[in-house]
Structures are given as structure tokens and as C-alpha cells.
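Okay, structure first, notes after.
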Amino acid sequence: MNVLIVEDERSLSHEMEIYLTRQNFNCDVAFNGKSGTDKVLTNSYDFVLLDLGLPDMDGLDLLKDARKKGSEAAFIVLTARGEVEDKIKGLDLGADDYIPKPFSLAELHSRMQAILRRKHGLKSNTMTVADFDIDISNRTVQCKGQTINLTKKEFDLFHYLSLHKNRVLTRTQLTEHIWGDVLEDDYESNYIDVHVKNLRKKLSAHAPIDWFETVRGVGYRINI
Ligand code: CA
């Protein structure tokens, strides 16, 4: 999943980037409001971690602008101000959560997971797709109690498709959200097909997966 960190305090932004990269997020960083706005409007992010005190603008204005232009990213407002009014204003403008500085990176991560659960109507960090149980915290997939050995990318693919089940995800969408890059080239976009093929092979060794559909010329869908 893609995260944009908009934070001018470089040491904090660097810490978040390192930590979240370790948690398998693709991180992008902006150090001011202008560059943050450009990125939010150009790229597709799952999360935006937004500092309010930016050198060139109030973070709340960036949030307002992004929402007005239809950004669907989950925004978490990070602020040292800790003012109740800021919090209310941020939530009113469409922030998904608010975390006062200083915060622990583990807390930030658990709030991100809580937002994902809320957004996708999950009650816990475990999702079930037919005979398969996906544990989001531990990044494992089990079938009838047996753990399936997936690579990082295979897990991300299965997780992302499962979060958006019954929706066709294009190769571009999958590439963007899983690799954090758009691959223009046809040859390179076959890359995703290779990962899907390997994932299917591993899953189908445990149970039937006729719900894992290829939508010809478009992409893939978990149809359940
Ligand atoms: Ca700041």
C-alpha cells in the first residue's frame, strides 16, 4: 500500500519512512505543502500522514483541497498543536484520524490498521476468503490450519484483492498499490501476471479457487 508522508521535520519524516517501509508500505515523502498537494493530486495513495504546521501552508488547507478534488486516501493528521479546535476542524474536513505529537510509530501503525478495518468493514485483523484466513498483522495466510508460504508480493496481492473483493482491479491499480510504481511497458506489466500465477498455484494446492478470476484484458477479481 502507498503512503504519502507530508512532514517538514526531516528526522521525524525519515523515521516514519523507515518504520513503514519495514511494515511493507511504499512510502513517498513531501517536505512542504506545495509538493504534498502536487503528489496527492497526481498519485493514488492509501494513506496520507499529514503534519499541520507546514512551512508554506496549513496542513488543513491541503486536506480540504485534496478532498474537494476527490482524493480517497485515508488522512491521518499529525500535529504538535494538540488543540481541540484543530482536531474538530480536521475531522470535519474529512481526516480519518488525528494523532498528537509526540507519538510512537507502533501506535501510528495500529491506527492505520484500524482505519483499514473500518474502511473495509472488518472486525479484526483477520479476513476470510473462502477456505483461506488472512492474518493482516502477522502477514500470514492459512488454509484449514495450514500455513501457506507466500512471498511478500504474493501476500500483498492476495490481501489487496481480498480487501476489494467483488471489484475488478486493473493491472495498473495492482502495480501502483503493490509496487508503488506505474509500469508503462507491456513486458513489465506481465510481471503482475507472473505473481498472480504463482499465488494461484500456491493457494489451489490447498483448496479450490474458482473465485479468483481473470478479467480478460483488464485485470483480476476475487468474486465471492
Ligand atoms: Ca511541522
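The values are calculated or read from the model by the stated rules, or taken from the named source; none is laboratory data. What you see is a predicted model; the values in this text were computed from it and never measured. Cβ placement follows ideal geometry from the backbone for every residue including glycine, while neighbour counts extend to all protein chains displayed.
A few comments on the model shown:
- Under the condition of being part of a loop (DSSP other than H, G, I, E, B) and within 18 Å of residue 131 (Cβ to Cβ), the residues counted in region 192-224 number 9.
- Being within 16 Å of the ligand (Cβ to nearest atom) and either on the phi < 0 side of the Ramachandran plot or not in a loop (DSSP other than H, G, I, E, B) (or both) is not true of residue 18.
- Any hit, region 144-153, residues being β-branched (Val, Ile, Thr), part of a strand (DSSP E or B), in contact (Cβ under 8 Å) with a residue 60 or more places away in the chain and more than 21 Å from residue 20 (Cα to Cα): no
- The number of residues in region 21-54 being within 16 Å of the ligand (Cβ to nearest atom) and either touching a strand residue (DSSP E or B) at 6+ places or on another chain (Cβ under 6 Å) or free of Cβ contacts under 8 Å to residues at least 40 places away in the same chain (or both) comes to 14.
- The conditions of being at pLDDT below 95 and at positive phi are met by residue 82.
- A single entry from 89, 34 fulfils the requirement of being farther than 27 Å from residue 163 by Cα, exposed (fewer than 15 other Cβ atoms within 10 Å of the Cβ) and not assigned by TED's automatic domain parsing to the domain that holds residue 139: 34.
- Residues satisfying the stated conditions in region 69-94, i.e. touching a strand residue (DSSP E or B) at 6+ places or on another chain (Cβ under 7 Å), closer than 20 Å to residue 45 by Cα and either within 16 Å of the ligand (Cβ to nearest atom) or not small (Gly, Ala, Ser) (or both): 75, 76, 77, 78, 90, 91
- Residue within region 45-61 that is buried (at least 18 other Cβ atoms within 10 Å of the Cβ) and among the acidic types (Asp, Glu) present: yes
- Flag for residue 115 being more than 16 Å from the ligand (Cβ to nearest atom), β-branched (Val, Ile, Thr) and assigned by TED's automatic domain parsing to the domain that holds residue 21: yes
- Whether a residue is under 28 Å from residue 118 (Cβ atoms), assigned to a helix (DSSP H, G or I) and touching a Cys at 6+ places or on another chain (Cβ under 8 Å) was assessed, and residue 157 does not pass this test.
- Residue in region 118-134 that is surrounded by the most Cβ atoms within 10 Å (Cβ to Cβ), counting only those that are modelled with pLDDT of 95 or more and of a type in the set (D, E, K, R): 133
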